[in-house]
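The values are calculated or read from the model by the stated rules, or taken from the named source; none is laboratory data. Bear in mind that the values here come from a model prediction, so they are computed numbers and not experimental data. Cβ placement follows ideal geometry from the backbone for every residue including glycine, while neighbour counts extend to all protein chains displayed.
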Amino acid sequence: MIGDVTSRLATLADLVALHDLMTAAIDRLQIGFLSHEQVLASRAIMGLDTQLIHDQTYFMVEEDGVLAGCGGWSRRATLYGGDHSASRDAALLDPLRDAARVRAMYTHPDFVRRGVGRRILDLCEKAAAAEGFARVELMATLSGQPLYVACGYRVIEPAAVDVDGVSVPLLRMGKYLRE
């Protein structure tokens, strides 16, 4: 049974809870999609970019006051990665030319298949559309791909990131918000 589900923007005071959820999601939800070595390596390329919190584009979904999931969107060039990622680019995107970015989507393993990810995607897509973006893109993990496909995203291109000799597969995906 699903309890009272709410959503709100994340604040810096939420960082510990967000990091705990992300760790659980990375470590438990990728089993069956990645090898143990790939799961460990993926920690180096995943995580929260706190610029999303500063930009007020990062959402939390809670059920009965318990953090069930989080995710956000960005009007900045970075496609994926957390604060520890060297390739972040804070340049602002042009909504008339560029796709907004859906970033750092995580569902707590105890809340999967309960609509949490869909709710966060809906919040992100509506916010990006309200700022004039016609498209969104994201970098999906293999475990996230089924959700994104179910929500209308299509693979743009496969990708892989090498972390100390371990290749972590990813999928660049996109969606038009309006025709």
State which residue pairs qualify: first residue more than 14 Å from A127 (Cβ to Cβ) and among the β-branched types (V, I, T) and inside segment 70-96, second residue modelled with pLDDT under 95 and part of a loop (DSSP other than H, G, I, E, B) in any location, beta carbons under 6 Å apart, and separation of 6 or more residues or different chains. T78/R88; T78/D89
(1) at pLDDT 95 or above; (2) outside any strand (DSSP E or B); (3) surrounded by 15 or more Cβ atoms within 10 Å (Cβ to Cβ): which one isn't true of P146, the others all being true? (3)
Among residues of segment 56-96, those that are touching a helix residue (DSSP H, G or I) at 6+ places or on another chain (Cβ under 7 Å) and under 20 Å from R119 (Cα atoms), counted: 14
Residue under evaluation M105, criteria (1) buried (at least 23 other Cβ atoms within 10 Å of the Cβ); (2) over 16 Å from L52 (Cα atoms), criterion not met: (2)
In segment 121-158, which residues are over 25 Å from Q56 (Cβ atoms), more than 16 Å from the chain's Cα centre (by Cα) and not β-branched (V, I, T)? E157, P158
Within 27 Å of L171 (Cα to Cα), crowded, with 20+ Cβ neighbours inside 10 Å, of a type in the set (A, V, I, L, M) and modelled with pLDDT of 95 or more: is that true of A10 in this structure? yes
Kindly indicate whether H19 is free of Cβ contacts under 8 Å to residues at least 24 places away in the same chain and surrounded by fewer than 16 Cβ atoms within 10 Å (Cβ to Cβ). no
Report yes if some residue within segment 110-132 is buried (at least 17 other Cβ atoms within 10 Å of the Cβ) and assigned to a strand (DSSP E or B); otherwise report no. no
Pick from segment 28-47 the residues that are modelled with pLDDT under 95 and either in contact with a Gly (Cβ under 8 Å, 6 or more places away or on another chain) or of a type in the set (D, E) (or both): which of them is surrounded by the fewest Cβ atoms within 10 Å (Cβ to Cβ)? I45
Filtered residues of segment 77-101 (kept if of a type in the set (K, R) and crowded, with 20+ Cβ neighbours inside 10 Å): R101
